[in-house]
Structure formats: structure tokens, C-alpha cells
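Take a look at the structure below.
The values are calculated or read from the model by the stated rules, or taken from the named source; none is laboratory data. No experiment lies behind these values; they were computed from the predicted model shown. Cβ placement follows ideal geometry from the backbone for every residue including glycine, while neighbour counts extend to all protein chains displayed. Just the protein is used for accessible areas: all its heavy atoms, side chains included, with ligands, DNA and RNA removed. Shrake-Rupley method; radii C 1.70, N 1.55, O 1.52, S 1.80 Å.
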Amino acid sequence: MTARIIPIISQLSAKLAANAAAQSFPATGLLTDTLARPLRDLRISVTDRCNFRCSYCMPSEVFNKDYAYLPQSSLLSFEEIARLARVFVAHGVEKIRLTGGEPLLRKNIEALIEMLARMTTAAGKPLDITLTTNASLLAKKAKSLKDAGLQRVTVSLDAMDDAIFRRMNDVDFPVTDVLHGIEVANNVGLSPIKINMVVKRGTNDSEILPMARHFHHSGNVLRFIEYMDVGATNGWRMDEVMPSRQLIDVINSEFPVTAIGPNYVGETAERWRYDDGAGEIGVISSVTQAFCGDCNRARLSTEGKLFLCLFAVSGHDLRGLLRGDFSDAQISNAVANIWQQRSDRYSQLRAALPADVDSGHGRRRVEMSYIGG
Ligand code: SAM
Ligand code: SF4
Ligand code: SF4
């Protein structure tokens, strides 16, 4: 039986249309939400498909051959994505991250990057364009991505140990191919590369030090991510989360590190510098230390729904506006109205709840592969 696991409760398009027609909000780049958070970062999911089956993201029992992925006609075209990107940039977005699913599976993604690379921010600076990938196709594509205007990549890698890594990606993909992709990306100048490691206690916490040893002195920035309760299919349990504080203790046992300040407001990773001058690492404590206060991130799903939080249960159907009879100015109004009404702060609220309370209020959250990491 074909089952669609992601129930998206669309906002009423009537409401969106009303937003579009509402009092005009000029795109000054100064848009803020109800908690005075600006709109700076847009993550765009370009496909809901992936060639890996990481158990924390797309478990193979659910994302199997019967899983109903979005049909091609549902996906935003590159022209539609670029049109929306222009609206978001005018409202203050300075950074766009392409993600998915696996973004390098989207055919001719370079063409989209070329379109985005031509845009400038509201302050007239070049847009910061980056992409998160599992690196399975990176060696092949690094040069064309760079030539298209991509500045940097973030590579996900959860272990140095080949057996552990193959188990975690669940498609028997070898570590050496990911490392080769990282090497080629460095050689073509897609750097500094960030390496994201999701740490699952009991699964790959034994890999924290081997990963640190490998990327120590490499110029790449290793970032440890707490295993998050995103989506509704990964069977998340708090006892599988390795709190960042403990992780830093593990690192400190071999490589003393000192905390350093953020690069910019709203940075998700807390930065630590190796005392021996070997570079820095980051920890993303999405579970144990909420960072909603500065959250300036919006997410555009594969089929053009705007999500205001990684843990949202519903999105705003911008594709309906794109494919309806709406002008750029009306779409811009709609986006402004949506952001101005934003009050999401899921992680902060969850932190305030007892562990046994369902912070999703029984509603099913969207999957990370659909909304983009
Ligand atoms: N396929 C690409 C990749 O893996 O880099 C991009 C999409 S993936 C959804 C984006 C990021 O989300 C990856 O770094 C991945 O490790 C992270 N991620 C996925 N599920 C997660 C979870 N449950 N907790 C923490 N991070 C997660
Ligand atoms: Fe695919 Fe990335 Fe999710 Fe792994 S984390 S299943 S590579 S989308
Ligand atoms: Fe932003 Fe939502 Fe994450 Fe808070 S929980 S930091 S609002 S994405």
C-alpha cells in the first residue's frame, strides 16, 4: 500500500490571498517577527528524495519502495524558486542554503545556483549561497557547483569507522567516497567546509574522537549536532541524545578547547577553538540549549510551502500564489505578513516542559527531508 507519511495542513489559501492583498509592506530588508527577529536565512529544499537512509532522518522501514515521493509537477521549478528567493532577499535574507533530501540529486542544480548567484542582498552585498550534502555526488559535481557560483558546502558525515558509517547511512555507502568528495570540494575552493556529525548515543558516540582526530588541523570545521526530535518517523528518544556539554568533555579529554563567540547573531553552532591552534569545532545543541531567541531562519519546502520553524506542523502555500494570478508585489506582501505574525520558538517551549509531555500536542510534524535541514 502506498502511504504518504507527511500530512501537511495547508494554511487556507484564502488567508494567504488576503495576506497578499493586505496593506503593502515595502521590502526594506528590515522585516521582523513578533519577537523582533529579522529574516536573514532561507533554507530551500530542492528535493524530498535521497540516496541514503540515515535512520534519524529517512528510516528505511518508512522510506521504502512504496513511499510516495512528490511528483515532479509538485516541485517548485528553478524559475519559481528564484522568483521567491528575490522576494525573500528583498525582505532581508542574506544567506541561502540549498538542502533536501539530497540536493545534488536534483537535476542540473547548477542552473539554480547560477540564478541565485546573480542576486545581491538588500544592502547590496553578494548573497551567501551554500549547500548541505551527503557528499555521495560531491567529487563529481564540486567543480561545476563552484563554477556556477556556490561558495561553500556543508558535508554530513557521522563516523570515520567504515562499518559504523555504512550502518548509519543504511545503503552501505563507504566513508572513503565521502572523504574523497570533501577533498575535491576543498581543491576547487568550496571551503572552509563544515562537516556535520549527528551524534546518537550508543550508535556513533564512539566516533567523536576519531572524527576530531581526522579533521583536527584540516581547515574544515567539524560540527557536532545533537540528535533532534524532528519529523515523526525516526523513533527519537531523549536517552539517545548526547548533550553537547558531555560531548565537549569528551573532546577536552584529548584536545583541550576554549569557547569563542559567534561569528554573527543567530549562528546555530556554539564555537570552540582548539587550544593547540588546530582550528575550531562547533556544537549545535538544538535539544539541550534552545537558541530560538535569535532564530532568523525560514524554510521553503520542496513543493513551495513556507515553514517558520523546523518543528512546524504546517506551512504556508506560496506555490499557490506563484501559480495563481499574483504579482511579485502581492507575494512580497504575503511573505511580509506571514513573517510579521511569526511567534515560533519550539525548542524553548519544549525545554520548559516536563520530559513526558508531548510538545507537539499530538500533531505530526513534517519530515526533515521534506522541509530541509
Ligand atoms: N542530504 C543532505 C545531508 O545529509 O547533508 C541534506 C539534507 S539533511 C536533512 C540536512 C542535515 O540534517 C544533515 O546534516 C543531517 O545530518 C541533519 N539531520 C537530519 N535528521 C536529523 C536529526 N534527527 N537530528 C539532527 N540532525 C539531523
Ligand atoms: Fe538523506 Fe541527508 Fe536525511 Fe541522511 S540526513 S537520509 S543523507 S537527507
Ligand atoms: Fe528556530 Fe524553531 Fe529551531 Fe527555535 S525550534 S531555533 S524557532 S527552527
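Apply the Karplus curve 6.51 cos²θ - 1.76 cosθ + 1.60, θ = phi - 60°, to the phi angles in segment 125-135 and return the couplings in whole Hz, x for Gly and Pro.
Once rounded to whole Hz, the list reads 8, x, 6, 8, 10, 9, 8, 10, 9, 7, 6.
What value, in deg cm²/dmol to 500, does the helix sum -39500 (n - 2.57) over DSSP H runs of n ≥ 4 give at 222 nm once divided by the residues of the chain? Could you put the intermediate results ahead of the total?
On the way: 12 runs with 111 residues, N = 373.
Computed mean residue ellipticity for the chain: -8500 deg cm²/dmol.
Roll a 1.4 angstrom probe over the protein heavy atoms and tell me the percent of accessible area of segment 253-307 that is carbon or sulfur. Let's see the in-between values first.
Values: 1060 of 2100 Å².
Exposed carbon and sulfur together represent 50 percent of the surface.
Just for the Cα atoms in the chain, what are the lengths along the principal axes, largest first, rounded to whole Å?
Extents along the principal axes: 59, 48, 44 Å.
Can you send over the solvent-accessible area of C292, 1.4 Å probe, protein chains only, in Å² to the nearest 10?
Roughly 10 Å² of C292 is accessible to a 1.4 Å probe.
By the scheme Lys and Arg +1, Asp and Glu -1, what is the net charge of all other residues having a beta-carbon under 12 Å from that of Y227? Show your work: numbers first, answer last.
Values: positive: K200, R201, R237; negative: D158, D205, E226, D229, D239, E240.
Neighbour charge sum, excluding Y227 itself: -3.
Can you give the % of DSSP beta bridges in the chain that are antiparallel, to the nearest 5?
Details: 15 of 45 bridges.
In the chain, approximately 35 percent of DSSP beta bridges are antiparallel ones.
What is the sum of charges around T121, taking Lys and Arg as +1, Asp and Glu as -1, for the other residues whose C-beta is under 14 Å from the C-beta of T121? Each step should come with its number before you reach the end.
Values: positive: R40, R86, K95, R118, K125; negative: D41, E94, D128.
Counting the neighbours of T121, the net charge comes to +2.
Measure off, as a whole percent, the carbon and sulfur share of the 1.4 Å-probe accessible area of segment 163-226, all protein chains present. Don't jump to the answer; show the numbers that get you there.
Values: 1270 of 2540 Å².
Carbon with sulfur: 50 percent of the solvent-accessible area.
Express the accessible area of the chain per residue in Å², computed with a 1.4 Å probe while the remaining protein chains stay in the model. Can you show the working numbers first?
Values: 15530 Å² over 373 residues.
Accessible area per residue, the chain: 42 Å².
Given labels modelled 7 Å from the Cα in the Cβ direction, how far is it in nm from K15 to D276?
Distance between the two pseudo-spin positions: 5.5 nm.
Would you work out the relative contact order for segment 258-300, in percent, from Cα pairs under 8 angstrom that are 6 or more residues apart? Kindly include the intermediate steps, with their values, before the conclusion.
Working: 44 pairs, mean separation 13.5, N = 43.
Averaging sequence separation for qualifying contacts and normalising by length gives 32 percent for segment 258-300.
What list of ³J(HN,Hα) values in whole Hz, one per residue of segment 189-204 in order, does the Karplus curve 6.51 cos²θ - 1.76 cosθ + 1.60 (θ = phi - 60°) give from phi, with Gly and Pro shown as x?
Karplus values, whole Hz, x for Gly and Pro: x, 7, 9, x, 8, 9, 10, 9, 10, 7, 9, 10, 4, x, 10, 9.
Quick check: Cα centre of segment 153-171 to Cα centre of segment 244-286, how many Å?
Answer, in whole Å: 21.
Quick one: Karplus J couplings for segment 235-241, per residue in order, coefficients 6.51, -1.76, 1.60, θ = phi - 60°, nearest Hz, x for Gly and Pro?
x, 3, 9, 4, 6, 9, 8
Need one number: nm distance between label points at E80 and N64, each 7 Å from Cα along Cα→Cβ, rounded to one decimal.
The modelled label-to-label distance comes out at 3.1 nm.
Quick one: among R213, R97, R323, which has the greatest mean-square fluctuation in a GNM of the chain with alpha-carbon springs under 10 angstrom?
Per the Cα network of the chain with a 10 Å cutoff, R323 tops the list.
Just to confirm a number: summing +1 for Lys and Arg and -1 for Asp and Glu over residues other than A111 whose beta-carbon lies under 15 angstrom from that of A111, what do you get?
On the way: positive: R83, R106, K107, R118, K141, K146; negative: E79, E80, E110, E114, D147.
Residues near A111 contribute +1 overall.
Between their Cα atoms, which of K125/K194; K200/K305; K107/K146; K95/K200 are more than 25 Å away from each other?
Working: K125/K194 23 Å; K200/K305 30 Å; K107/K146 16 Å; K95/K200 29 Å.
Check vs 25 Å cut-off fails for K200/K305; K95/K200.
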